[in-house]
Structures are given as structure tokens and as C-alpha cells.
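Visitor: Pasting a structure below so you can have a look.
The values are calculated or read from the model by the stated rules, or taken from the named source; none is laboratory data. Keep in mind it's a predicted model, so treat the numbers as computed, not measured. Neighbour counts run over all protein chains shown; Cβ positions are idealised from the backbone, glycine included. We work out accessible area using only protein heavy atoms, side chains counted, and drop any ligands, DNA or RNA first. Shrake-Rupley method; radii C 1.70, N 1.55, O 1.52, S 1.80 Å.
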Amino acid sequence: MLKEDLIQKNPLRLLSPADQGKDAAPQMGLVMARAGLGKTAILVQIALDSMLRGNKVLHVSIGQSLEKTKLWYDDIFKDIAQASKLQHAAGVHDELMSRRMIMTFNEESFSVAKLRERLKDLIDQNIFQPDCLLVDGFDCSSSPEKVLGEMRDLVQGLNLNIWFSAVCHRDDERVSSAGVPAPCHTADELFDTIILLQPDAAKNSIALKIIKKDGQLDGTKCLNLDPATLLIMEG
């Protein structure tokens, strides 16, 4: 398979068209799941798809090291390349990684103000101008709507797409009218796309329930996560 085929046949095409231009309105997405179900794997596949389409991605990793975050990309790309029999895989890998920057924060040190400052430094010095921002490890446990609102203002001002991951808990039954579980149930209106990961014992996989897409309620389960490879699949 060639790189162009990998873009067109990516299951993530169900969420966004391959030819979505950089002048499209910025979107804010959320991936929610209980701990250990594959949120980071999904964020990395969203990042790889964006980079395949020529975009630059800034991965903000909170509470995880640079080396571990890089390993996520290397492992997921390797599995995708093997599964698709990707031609010139080494060259494609190097091309993609040149479009990625990783920024790490300690859990205690992250704030929107610090992110804005470091992001501004990168852009003003022409070091890295991202098209997409991923925030993995953000603590949504306590009234996240204020900080998430600040994040939305930040990325809209810079015309960036942004994706978050958030942990939900089995014993917390709070849920929004749209079906978004706590702790993001009070902030669901801020997001354009929301994906909830749910174990599917019948299919021995993890279903990606698309609660919201392009600002509209959806509710479909047309994607799955292979629990062995953590790759997104249709069906």
C-alpha cells in the first residue's frame, strides 16, 4: 500500500474528509474512556493521520516522559505499516516524525498560561507552527469547563484543531443529556467531536461510540479498537 492509499482507507475518514483544508474552522475533540482502554493510542492515530495529510502536530504530554510518548508513535506506526504492507515505510516514518513535536509537562506544572507561553515561543521564533494540538493526560477531574473554555479560546485564536483525552470512572454515574460521562459532562458543549470507548465483549474489541461529530449528536458505533494492536478498525 502507498501512503496515499493509507490516507484514503484510514477508518478515521468517518470522522473527517481526507481533503479537509487548513482554512476549515478549528475543531475541538475529546476521547473518553476508563483507564487503560486505549485513549493515547487513539490520539496517536489521529495525529499520524493528520501528519499523513501534511499537517504539523504538537503533542502535549502531561505526566508522561518524552521517551515514552515517542515510543507510542513508533509502535503504532510500525503496526500500521505492517498491517497495511506500507511501501517505503522507513521514509514515510521519517517524513511524519519531522512534522511532529512533543511538549511535556509535569502534572503539577501544567496550566493554560504556560502552554500559551511555550506555544507562542515556538511560533514567534518560527521553530514550529502546528496545525493540530493533542493534549494527553489533562486532569478533568474537577470542574474542567473553565480550563477547557480557556483552551478553546487559545486554539481558536491560533486556528488550531485540538484533541483531548479524559478518564471516566465506572462508579461515577453522572452523565450529560448528550450521554457524555463525568467528569466532562458539564463541558460537553465545548467539544465538536466526542468519542467514548466502551468494551464490546461480543466482538472481543473496544467500540468507539461517536457521541458527537461536527457539533451534532451522533451515537453511532462504526469504529472499533483492536485490543491486541490498539489499531482503529471499521465495523
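Visitor: Which trypsin sites (Lys or Arg not before Pro) in region 162-235 sit in a loop by DSSP (not H, G, I, E or B) and have at most 16 other Cβ atoms within 10 Å of their own Cβ?
Guide: Taking region 162-235 and a limit of 16 other Cβ atoms within 10 Å, the loop trypsin sites (Lys or Arg not before Pro) found are Arg170, Arg174, Lys203.
Visitor: What is the ratio of the Cα radius of gyration of region 42-130 to 2.2 N^0.38 Å, with N the residue count, to two decimals?
Guide: Dividing the Cα radius of gyration by 2.2 N^0.38 Å gives 1.17.
Visitor: With a point put 7 Å past each Cα toward its Cβ, work out how far Asp226 is from Leu2 in nm, to one decimal.
Guide: Result for the modelled spin labels: 2.4 nm.
Visitor: Mean-square fluctuation check for the chain, GNM, Cα pairs under 10 Å: which of Asn106, Asn159, Asn55 is largest?
Guide: Result for the chain, Cα springs under 10 Å: Asn106 fluctuates most.
Visitor: Let me ask something else about it. Report Rg(Cα)/(2.2 N^0.38 Å) for the chain, keeping two decimals.
Guide: Normalised Rg, Cα atoms only: 0.97.
Visitor: I need two numbers for region 108-189: Rg to one decimal and Dmax as a whole number, Cα atoms only, in Å.
Guide: Rg, Dmax (Cα atoms, Å): 14.4, 47.
Visitor: A further question on this structure: Could you work out what % of the accessible surface of region 99-183 is carbon and sulfur, using a 1.4 angstrom probe and leaving DNA, RNA and ligands out of the count?
Guide: 43 percent
Visitor: Averaged per residue, what accessible area in Å² does region 81-211 show with a 1.4 Å probe, protein chains only?
Guide: Accessible area per residue: 52 Å².
Visitor: Name the aspartates and glutamates eligible as straight-distance cross-link partners of Lys3: C-alpha to C-alpha under 14 Å, and not fewer than 8 places from it in the same chain.
Guide: Reachable aspartates and glutamates: Asp49, Asp94, Glu95.
Visitor: Which one of Asp171, Asp94, Asp121 has the biggest mean-square fluctuation once the chain is modelled by GNM with Cα springs under 10 Å?
Guide: Answer for the Gaussian network model of the chain: Asp171.
Visitor: Considering only Cα-Cα distances, which of the following residue pairs are longer than 22 Å: Lys146/Lys209; Lys56/Lys146; Lys114/Lys146; Lys78/Lys209; Lys56/Lys120; Lys39/Lys221?
Guide: Cα-Cα > 22 Å for Lys146/Lys209; Lys56/Lys146; Lys78/Lys209; rest within.
Visitor: Cα centroid distance between region 106-140 and region 163-202, in Å?
Guide: A separation of 24 Å, based on Cα centres.
Visitor: Leaving out same-chain residues fewer than 8 places away, which aspartates and glutamates sit with a Cα under 14 Å from that of Lys212?
Guide: Reachable aspartates and glutamates: Asp188, Glu189, Asp192.
Visitor: Which three semi-axes in whole Å describe the equivalent ellipsoid of region 80-119, each the square root of 5 times a Cα gyration tensor eigenvalue, listed largest first?
Guide: Working through the eigenvalues yields semi-axes of 34, 12, 6 Å.
Visitor: GNM on the chain, C-alpha springs below 10 Å: top fluctuator among Leu52, Leu223, Leu122?
Guide: Most flexible of the set in this elastic network: Leu122.
Visitor: Sort largest first and round to whole Å: the equivalent ellipsoid semi-axes of region 176-235, each the square root of five times a Cα gyration tensor eigenvalue.
Guide: Those come to 23, 12, 9 Å.
Visitor: Follow-up question, since we're still on this one. What Rg and what Dmax come out for region 125-172 when only alpha-carbon atoms are used, in angstroms?
Guide: Computed over the Cα atoms of region 125-172, radius of gyration and Dmax are 13.2, 47 Å.
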